[in-house]
1. Quick check on this structure: which one of D41, D29, D51, D75 is loosely packed, with under 12 Cβ neighbours inside 10 Å and touching a residue at least 12 places away in the same chain (Cβ under 8 Å)?
2. List pairs: first in region 1-21 and under 19 Å from V38 (Cβ atoms) and assigned to a helix (DSSP H, G or I), second open to solvent by 50 Å² or more (accessible area, probe 1.4 Å) and among the acidic types (D, E), Cβ under 6 Å, 6+ apart or cross-chain?
3. Here is a check on your reading of the model: is A56 under 16 Å from A46 (Cα atoms), open to solvent by less than 50 Å² (accessible area, probe 1.4 Å), assigned to a helix (DSSP H, G or I) and touching a Gly at 6+ places or on another chain (Cβ under 9 Å)?
4. Looking at D22, D107 in this structure, which one is open to solvent by less than 50 Å² (accessible area, probe 1.4 Å) and acidic (D, E)?
5. Mind listing whichever residues of region 82-97 are open to solvent by 10 Å² or more (accessible area, probe 1.4 Å) and not in a strand (DSSP E or B)?
Amino acid sequence: MSSLADEPCEACTSDDEPLTSDEYSEYLDSVRSDVWEVVDDHHLTAHYEFDDFRDALEFTYEIGELAEEEWHHPDIALAWGEVEVEMWTHKIDGLHKTDFVMAARMDRLYGPYEPEE
């Protein structure tokens, strides 16, 4: 979906500062605005919708595999027809570019599951 999804997930250091709204605005423009939002300039939340439980479950599994691969783990809530994701970089207690790269990758994973309207 976006070139942001192709960028590496680079770990931050404890010397890094969380992104400000001016700094993360360009990254936010590269993820799905109908899915993702920034809450309190601190974390990202997403709400993905599905046609059934099975698709939501499989998408959740794919997010888990991505998280393990990149060693960047979001909070995930699974319910019938929906998956909610909450993500931030715990080491700096705020947002880092990697959070947005992961969000863009999740958007890419979602493509095959997106319900037709």
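1. Answer to the selection: D75.
2. As it stands, the answer is S21/D41, since those pairs meet every condition given.
3. Taking the combined requirement at face value, the residue satisfies it.
4. D107
5. Result: W88, H90, K91, I92, D93, H96, K97.
Residues checked against (1) among the acidic types (D, E); (2) in a strand (DSSP E or B); (3) more than 19 Å from P8 (Cα to Cα); (4) modelled with pLDDT under 95:
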site	(1), (2), (3), (4)
V31	no, no, no, no
L44	no, yes, no, no
Y61	no, no, yes, no
I76	no, yes, yes, no
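The values are calculated or read from the model by the stated rules, or taken from the named source; none is laboratory data. Quick caveat: nothing in here was measured; it's all calculated off a predicted structure. Here the Cβ is made from the backbone with ideal geometry for all residues, glycine too, and neighbour counts use every protein chain on show. For accessibility, only protein heavy atoms count, side chains too; no ligands or nucleic acids. Shrake-Rupley method; radii C 1.70, N 1.55, O 1.52, S 1.80 Å.
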